[in-house]
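One structure below.
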Amino acid sequence: VLDAKGKATIEDLETFKRHLYSDGAGDYPMTATSWEKDVIAKELAQPGLLGWYRNPSSGAGGLSVSYIEGAVDKSMFPDFLFFFAVDGKIVVDIVDPHNHSLGDTPGKWAALSRFARQNPGVFRRVSAVIKNKAGVLKSLELTGRANTVLEDKIAASSGGEDIAALFEEYGGSY
C-alpha cells in the first residue's frame, strides 16, 4: 500500500476459500467490499459449489459485456462467476453486486440483462445485487426473461431510487 507521500507498506489481504486460483491451502487473497464479502459467503454456503472466479475489472482475462453510454462503446465486467455441479453437469452463475446509486448502473445492468437474454441456457443464473436502505441484500434475476420489459426499465432509469424500485417490483431477497 502506498500512502499519500508514496511510502510503501505491506498489509495482509483477507483471504477467501474455493477461488479457482486459490493457493495450496485453498486461500485466495483479495480486497473486497462488505457487499462482495456477503455475496461470497452466501455462495460458499450453497450446495454443489465447485469454485468461483473474481472477474477482473478489465483485460483479456475477464468476461466482458459491451454497452453504449452516450456515443461511447464501453465494457462492463460482472464481479463474480460461480461454478456449480448440478445433475452431473457444471453450471455457471454470474452475480454482480454493484452500488446502484452510481451513474453507470443503468447502462451496465441493461447490458447484462440483454446479455443474459441473448445467451439463453449458457448461464444458469445472472443476478444483479444491491444493498437496500435497510442494509439487506436484494437480487434481481436477469436470466429467463424472453422480453425486454425489465431491460428497458433498467436502461430508462436514472439509477439510485429508480433501480431500487425495480428491485422491489421484480426482485427478491438475495
**Message:** Looking at the stretch 72-82, can you tell me whether even one residue there is of a type in the set (Gly, Ala, Ser) and surrounded by 17 or more Cβ atoms within 10 Å (Cβ to Cβ)?
**Reply:** no
**Message:** Within the stretch 137-163, take every residue that is farther than 19 Å from Trp35 by Cβ and either exposed (fewer than 14 other Cβ atoms within 10 Å of the Cβ) or within 16 Å of the chain's Cα centre (by Cα) (or both) and give me the one that is modelled with the lowest pLDDT.
**Reply:** Ala146
**Message:** Every residue in the stretch 16-28 that is part of a strand (DSSP E or B) and open to solvent by less than 70 Å² (accessible area, probe 1.4 Å), please.
**Reply:** Phe16, His19, Asp27, Tyr28
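Every residue in the stretch 1-15 that is farther than 25 Å from Tyr53 by Cα and open to solvent by less than 100 Å² (accessible area, probe 1.4 Å), please.
To start, the set of residues in the stretch 1-15 that are farther than 25 Å from Tyr53 by Cα comprises 2-9.
Selection gives Asp3, Gly6, Ala8, Thr9.
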**Asked** Among (1) surrounded by 19 or more Cβ atoms within 10 Å (Cβ to Cβ); (2) basic (Lys, Arg); (3) part of a strand (DSSP E or B), where does Lys108 come up short?
**Response** (3)
**Message:** Pairs please, first residue from the stretch 26-45 and among the β-branched types (Val, Ile, Thr), second anywhere and surrounded by fewer than 16 Cβ atoms within 10 Å (Cβ to Cβ), Cβ atoms under 7 Å, 6+ apart in sequence or on different chains.
**Reply:** Thr31/Leu13
**Complete:** Within the stretch 56-71, restricting to residues that are open to solvent by less than 70 Å² (accessible area, probe 1.4 Å) and of a type in the set (A, V, I, L, M, F, W, C), the one that is farthest from Phe115 (Cα to Cα) is Leu63
**Prompt:** Can you tell me which residues in the stretch 90-103 are open to solvent by less than 40 Å² (accessible area, probe 1.4 Å), hydrophobic (A, V, I, L, M, F, W, C) and either over 16 Å from Asn119 (Cα atoms) or over 8 Å from the mean Cα position of the chain (by Cα) (or both)?
**Reply:** Val91, Val92
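If I filter the stretch 147-166 for residues that are under 18 Å from Lys42 (Cβ atoms) and touching a Lys or Arg at 6+ places or on another chain (Cβ under 9 Å), do I get at least one hit? Full working, then the answer.
The first filter runs over the stretch 147-166 and keeps only residues under 18 Å from Lys42 (Cβ atoms), leaving none.
No: the stretch 147-166 contains no residue that is under 18 Å from Lys42 (Cβ atoms) and touching a Lys or Arg at 6+ places or on another chain (Cβ under 9 Å).
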**Asked** Within the stretch 32-41, can one find any residue that is polar (S, T, N, Q), under 15 Å from the mean Cα position of the chain (by Cα) and loosely packed, with under 12 Cβ neighbours inside 10 Å?
**Response** yes
**Prompt:** Out of (1) open to solvent by 70 Å² or more (accessible area, probe 1.4 Å); (2) outside any loop (DSSP other than H, G, I, E, B), the odd one out for Trp52 is which?
**Reply:** (1)
**Message:** Looking at the stretch 118-169 only, could you name the residues that are aliphatic (A, V, I, L, M) and assigned to a loop (DSSP other than H, G, I, E, B)?
**Reply:** Val122, Ala134, Val136, Leu142, Ala146
**Request:** Taking Asp87 as meeting all but one of (1) over 30 Å from Lys153 (Cα atoms); (2) among the acidic types (Asp, Glu); (3) open to solvent by less than 80 Å² (accessible area, probe 1.4 Å), write down the number of the exception.
**Result:** (3)
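The values are calculated or read from the model by the stated rules, or taken from the named source; none is laboratory data. Every value quoted in this text rests on a predicted model; they were computed, and no experiment measured them. Note that we place each Cβ from the backbone using ideal geometry, even for glycine, and neighbour counts take in every protein chain shown. Calculation scope for accessible area: heavy atoms of the full protein, side chains included, ligands and nucleic acids excluded. Shrake-Rupley method; radii C 1.70, N 1.55, O 1.52, S 1.80 Å.
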